[in-house]
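Read the structure below first, then the notes.
Taken together, the values in this text are just the output of simple stated rules run on the coordinates, not laboratory data. Just so we're clear, the structure is a prediction, and the values are computed from it rather than from any experiment. When we count neighbours, we look across all protein chains shown, and the Cβ atoms used for this are built from the backbone with ideal geometry, even at glycine.
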Amino acid sequence: MGMTVCYTQVTPTLLNTLREIDDPEKMLEELESLEEEVECCYLDKMWDGLHCFLTGASASTPIENNSLSEAVLGKETFFEDEEADYMAYLMPEDVKKAAKALDAVELESSKAAFSPQEYHEKGIYPNIWLQEDCDSLLEELVENFEGLKKFYRTTAENGKGIIISIY
């Protein structure tokens, strides 16, 4: 298995309630139970690749005050414990900013700049970046980008927040 990402749409009230949880395992249980009740977006293992596609940098180095980086990784984390699964969130106002940033992406420029060799050299997760797979990798990145963009647009229109979990 590998580290996959789930974006979970939540109401501001529920997000504030979840922010009070101080146990990473309990939080993960809550998120997993929510995934069956609310709208979610899954990018499987392509979260780091998408972060690089949008920002030029690995998700291991989030870009502060960058709405595209925040769209992939969130703005605030629930826990500082590096041993815990990654769980972060965006409040509704940040979701709106991220949705606008995703809508403004020049997709053709991002596609033209894509280089599996560069992703490999940067150590982008997962370790799949081979030049001979360029077309299929690019197709998967674009598909994930479009899905995330649509999810953010809907979430912003609904005035909701997003929880990002990578585990």
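Details
- Highest-first arrangement of 129-139, 72-82, where packing means the average Cβ count within 10 Å: 72-82, 129-139
- Within a straight-line Cα-Cα reach of under 21 Å, K100 can be paired with the following lysines, leaving aside sequence neighbours fewer than 8 residues apart in one chain: K75, K111, K149, K150, K160.
- Extension gain for the segment E146 to E132, taken as residue separation times 0.36 nm less the Cα-Cα distance, is 2.7 nm to one decimal.
- A Förster radius of 41 Å, combined with the Cβ-Cβ distance separating L107 from E76, puts the computed FRET efficiency at roughly 0.90.
- In order along region 62-67, the phi-based Karplus estimate (6.51 cos²θ - 1.76 cosθ + 1.60, θ = phi - 60°) of 3J(HN,Hα) comes to x, 9, 5, 6, 10, 4 Hz; Gly and Pro are listed as x.
- Candidate values [x] 22, 20, 16; [y] 38, 21, 16; [z] 26, 18, 13, label of the one derived for semi-axes √(5λ) of the Cα gyration tensor in Å: [z]
- Within region 134-164: backbone nitrogen closer than 14 Å to the E35 label point (7 Å, Cα to C-beta): 163-164
- Distance from the Cα centroid of region 106-151 to that of region 26-71 is 15 Å (rounded to whole angstrom).
- A dipole drawn for region 1-60 from +1 and -1 charges on Cβ atoms has a positive end, and of C52, P12, P24 the residue lying farthest that way is C52.
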